[in-house]
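Let me begin by presenting the structure, written as structure tokens, before commenting on it.
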Amino acid sequence: MAENKDDSVKKNPSGPTQDQSTQPAKAAKKAAKPEKKADQAKSPDANDIKKLKQTVVDLQKKLDAMEDKFLRAEADMRNIETHAKKEQADLIKYDGQQLAHDILPIVDNLQRALKVDVTDESGKQLKQGVSMVYEHFTKALSDNGVEVIDALNKPFDPKFDQAVQTAPADDDHPADTVVQVLQDGYRLKDRVLRPAMVVVAK
């Protein structure tokens, strides 16, 4: 019975073994190792800081260049939009310009026909019919913004008048005054369709 008691004491000692007593110390060392490596991590030196600053400068330059391109593109788009709106407004404003320009020779011929003197009744009736057609044409032109350029007895204006002849100046017609209109000029709003052919005093 005594031998069995000694054996049980050997197999189950009451105090901790040497391996058990060293386990907390080993765990503490393992936990301390990462902190030691972190402490030993390389801190940025002057060259790294210089490179970072240069990178920031380069990125700022690229950003400025992109911003400049964006502003230029935006300005170009606004210019294109403004130009397109102006062209559209001009198309509306001067709508029918070509048609009016093509009708003017007809009006000229009607004016010439009305200047012909007639004596017989049939000629008078024909002239009255021509006068009615002429009035319809001029009214249609006026309703669409086409107006006769008022040049007679006015100072010669090369924007609206074309001098084809000259005449001596007098008290009633000072120099550079329109003495006679040989062919009416027309304008559509503020645009000249055809300048007036005039005689100018010199």
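Just so it is clear, none of the values below were taken in a lab; they were calculated from the coordinates. Note that this is a predicted model, so its numbers are computed, not measured.
Couple of notes before you dig in:
- The range 47-94: C-alpha gyration tensor shape, a/c 1.5 cut-off, then a/b vs b/c: prolate
- Tally of Lys pairs whose C-alpha atoms are under 23 Å apart, taken over the range 96-201, 8 or more apart or cross-chain: 8
- Cα-based Lys pair tally, the range 47-94, threshold under 21 Å, eight or more apart or on separate chains: 8
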